[in-house]
Amino acid sequence: MEGTLQRPKHTAELLQDILERAKALPEQGKVADYIPALAEVNPDYTGIAVAELDGNVHIAGDAQIPFSIQSISKIFGLTLAMERMGDALWQRVRMEPSGQAFNSIMQLEWEQGIPRNPFINAGAIVVADTLVSHYSASRTALIQFVRSLANNPLIHADETVWQSEREHGSRNAALAYLMKSFNNIEADVETVLDHYFYQCSLNMSCVDVARSLAFLANRGLQPSSREIICDPRSTHRINAMLSTSGMYDQSGEFAFSVGLPAKSGVGGGLVAVVPDYGVICAWSPKLNRFGNSCRGMYMVTQLAEELGLSVYS
Ligand code: GLN
């Protein structure tokens with residue numbers, strides 16, 4: 001109303017409001033079923049969490065229910081690999097948007113087995129190869145890393161999803177063997193794929209995801225533990241690649257309309273980093289044609305708009 005000041009809504013109220021609006025949207029999207037175990041999830045789940053750097057966490061809806069984080073796990077793998085490999089990593093994977101679907105094979109053949117970026121499947125498989133080669137127990141290293149970031153020792157891989165990914169992972173196997181033929185996979189391909197599928201099958205809630213990635217909004221320092229997870233340069237690089245490639249072939253549109261480094265997964269999770277403020281994680285299983293959560297996109301877009309959170313303004 002003209003002449004009256006509108007009291008800004010409390011973040012929790014705002015989240016609830018946005019969640020309800022998301023649930024009232026016309027039905028759209030489809031749960032991922034190319035990994036059959038993912039199709040078992042209740043498609044109506046909808047949650048959102050915001051973890052602020054001061055430790056406050058705001059939630060609405062199903063924000064505490066663990067879900068299959070899928071490609072969001074690519075951030076964890078990459079962070080570990082960047083710390084272990086240094087700049088040598090960038091000889092094996094680039095930092096360009098792909099302009100292709102997340103599991104596309106064509107470009108990889110043209111570009112001699114060097115994936116466009118670490119957030120498409122081929123890139124994450126190269127990252128997995130570096131972890132398998134570096135650690136005697138790479139899966140244990142990864143889960144310990146994730147648990148300590150989220151401060152939740154109960155985080156685990158979903159065995160059924162892990163198995164289902166293995167059984168229906170022909171395309172990922174094709175990517176890995178193609179890269180092996182270009183000498184861009186060092187370890188045994190099946191071991192690398194096993195690590196990759198394992199990290200994709202981690203179950204975490206919106207709260208876990210938002211909390212665990214707070215270091216990306218804080219120049220690499222995890223606010224809860226005061227631990228340095230990576231240096232400010234690596235933080236900058238991860239956020240930059242999230243901005244250009246994290247939402248696959250919809251990254252341009254997401255930057256255009258929201259303007260935050262973000263990553264989606266085919267389990268319906270979507271995480272967005274707001275430097276100096278915190279991390280948002282939304283989840284709802286139905287996906288659009290790019291593999292991004294429909295309600296998740298809506299909720300993060302609305303929240304960013306209402307709180308004025310773009311990194312580009
Ligand atoms: N596990 C999925 C796959 O490899 C991850 C893809 C995704 O979340 N976009 O196909």
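Readers should treat all values here as calculations from the given coordinates under stated rules, not as data from a laboratory. All figures in this text were calculated on a predicted structure; none of them were measured in a lab. Glycine also receives a Cβ, built like all others from the backbone with ideal geometry; neighbour counts cover every protein chain displayed.
Annotations
- Pairs of alpha carbons in segment 1-90 whose separation is greater than 23 Å (percent): 51
- Within the chain, helix-based [θ] at 222 nm, where runs of 4 or more DSSP H residues each add -39,500 (n - 2.57), nearest 500: -13000 deg cm²/dmol
- Candidate cross-link partners of residue 180 among the aspartates and glutamates, defined by an alpha-carbon separation under 17 Å and a same-chain spacing of 8 or more, comprise 109, 111, 129, 188, 190, 194.
- Ordering of 188-194, 60-66 by packing [mean C-beta count within 10 Å, highest first]: 60-66, 188-194
- Each Lys or Arg adds one and each Asp or Glu subtracts one; over the other residues with Cβ under 11 Å from the Cβ of residue 132, this totals -4.
- A Cβ-based charge dipole, computed about the Cα centre of the chain with Lys and Arg at +1 and Asp and Glu at -1, lands at about 340 debye.
- One decimal place: the segment residue 17-residue 191 gains 58.1 nm when fully extended, by the rule 0.36 nm per residue minus the C-alpha distance.
- Förster radius 30 Å - calculated FRET efficiency between residue 236 and residue 10 (Cβ-Cβ, nearest 0.05): 0.40
- Sequence-distant lysines (8 or more away, or on other chains) whose Cα lies within less than 22 Å of residue 286: 23, 30, 74, 263
- Contour minus Cα-Cα distance for residue 144 and residue 34 (0.36 nm per residue): 36.7 nm
- Each listed q (0.14 Å⁻¹) maps to a log10 I(q)/I(0) for the chain, found by the Debye formula over equal Cα scatterers with no solvent: -1.01.
- If you take all other residues with their beta carbon under 14 Å from the beta carbon of residue 27, and give Lys and Arg +1 and Asp and Glu -1, the sum is +3.
- For segment 27-58, GluC sites (Glu not before Pro) meeting the loop criterion (DSSP other than H, G, I, E, B) and having at most 13 other Cβ atoms within 10 Å: 27.
- Kirkwood hydrodynamic radius of segment 111-201, Cα pairs, Å: 13.5
- Cleavage-rule hits, chymotrypsin sites (Phe, Trp or Tyr not before Pro), segment 114-223, DSSP coil, Cβ neighbours within 10 Å at most 16: 135, 182
- Rg/Rh ratio calculated on Cα atoms of segment 249-293 (Kirkwood radius): 0.97
- Base-10 log of normalised Debye intensity for segment 183-313 (one unit scatterer per alpha-carbon) at q = 0.10, 0.20 Å⁻¹: -0.34, -1.21
- Over all orientations, segment 48-110 has a Cα convex hull whose mean projected area works out to 7.0 square nanometres.
- Isolated Cys in the chain, by beta carbon distance under 4.7 Å: 200, 230, 294
- Sparsely packed loop sites in segment 147-231 (the trypsin sites (Lys or Arg not before Pro) outside DSSP H, G, I, E and B with at most 13 other Cβ atoms within 10 Å) comprise 226.
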